[in-house]
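K.L.:
To start, I am sharing the structure in question, which I have written as structure tokens.
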Amino acid sequence: MKVLVFNPQLCDGCRICEETCSQTWFKETNAEKSAIRISPLEDQPGRYQATVCNQCGECIDICPTLALTRDRHGIVRVNKKRCTGCLSCVGFCPILAMYIPPDYVVPFKCVACGECVKACPTGALAIEDLPKAPLTETEKRMKVVAL
């Protein structure tokens with residue numbers, strides 16, 4: 001599965017990745033509309049951490065409308081037509097990587113598009129192809145129904 005990975009050793013905190021993400025998906029520069037969030041480490045001046053979806057899929061099981069599914073690349077996607085904006089996924093995400101901008105109803109997350117990787121001047125970001133995540137309970141049930 002494709003996953004955006006972050007190397008904290010290379011990040012200088014420029015936040016170009018956040019700008020690129022919000023420009024790519026919302027056509028505006030606004031860190032609140034970025035699927036990657038860079039923040040300083042309080043106990044390590046000059047060092048940063050990134051919060052970004054790791055495609056674990058745990059949000060899939062919590063969605064009451066089955067609006068969250070995994071595509072053939074292992075990326076968890078939000079089906080905007082099915083999403084009711086209940087925000088269960090936002091509250092449930094174990095790494096807090098599902099976001100909802102104030103002027104939207106449908107949450108968003110990183111889909112490993114790679115635009116931030118191209119823009120990162122220090123090479124702190126990369127798209128890696130990792131082993132597939134285990135099926136969630138919802139995915140197992142949907143697989144049985146499809147047979």
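K.L.:
Among (1) 27, 17, 14; (2) 37, 15, 13; (3) 24, 19, 14, which one is semi-axes √(5λ) of the Cα gyration tensor in Å computed from these coordinates?
P.N.:
(1)
K.L.:
Would you mind checking Lys2/Lys143; Lys27/Lys109; Lys109/Lys140; Lys80/Lys109 for any pair whose Cα atoms are more than 19 angstrom apart?
P.N.:
In this structure, Lys2/Lys143; Lys109/Lys140 exceed 19 Å between Cα atoms.
K.L.:
What angle, in degrees between 0 and 90 and rounded to the nearest 10, separates the Cα long axis of helix 16-26 from the longest principal axis of the Cα atoms of the chain?
P.N.:
Compared with the principal axis, the helix lies near 40 degrees.
K.L.:
State the answer as a single residue: which of Gly13, Gly57, Phe26 lies farthest towards the positive end of the charge dipole of the range 1-66, with beta carbon charges of +1 for Lys and Arg and -1 for Asp and Glu, about the Cα centre.
P.N.:
Sorting the options by dipole projection puts first Phe26.
K.L.:
Next question. With +1 on the Cβ of every Lys and Arg and -1 on the Cβ of every Asp and Glu, and nothing else charged, how large is the dipole of the chain about its Cα centre, in debye rounded to the nearest 20?
P.N.:
So the dipole magnitude of the chain works out to roughly 680 debye.
K.L.:
How much accessible surface does Lys80 have with a 1.4 Å probe, in Å² rounded to 10?
P.N.:
Rounded to the nearest 10, that gives 150 Å².
K.L.:
Follow-up. Might you list the cysteines of the chain that have no disulfide-compatible partner by the rule of another cysteine's Cβ under 4.7 Å?
P.N.:
Unpaired cysteines in the chain: Cys11, Cys14, Cys21, Cys56, Cys63, Cys83, Cys86, Cys93, Cys113, Cys120.
K.L.:
When Lys and Arg each count +1 and Asp and Glu each count -1, what net charge do the other residues less than 14 Å away from Cys21, Cβ to Cβ, add up to?
P.N.:
Summing Lys/Arg as +1 and Asp/Glu as -1 gives +1.
K.L.:
I would also like to ask the following. Pop out the carbon and sulfur fraction of the accessible area of the chain as a percent, whole number, probe 1.4 Å.
P.N.:
With neighbouring chains kept in place, the figure for the chain is 56 percent.
K.L.:
Using +1 on the beta carbon of Lys and Arg, -1 on that of Asp and Glu, and nothing else charged, what's the dipole of the range 21-70 about the Cα centre, debye to 20?
P.N.:
It works out to roughly 220 debye.
K.L.:
Skip the ligands, DNA and RNA, and give the accessible area per residue of the range 32-147 with a 1.4 Å probe, whole Å².
P.N.:
Accessible surface, normalised per residue, equals 59 Å².
The values are calculated or read from the model by the stated rules, or taken from the named source; none is laboratory data. In this text the structure is predicted, and so the values were computed from the model without any measurement. Cβ atoms come from the backbone with ideal geometry, glycine included; neighbour counts cover every protein chain shown. To get the accessible areas, we keep the full protein, side chains included, count just its heavy atoms, and leave off ligands, DNA and RNA. Shrake-Rupley method; radii C 1.70, N 1.55, O 1.52, S 1.80 Å.
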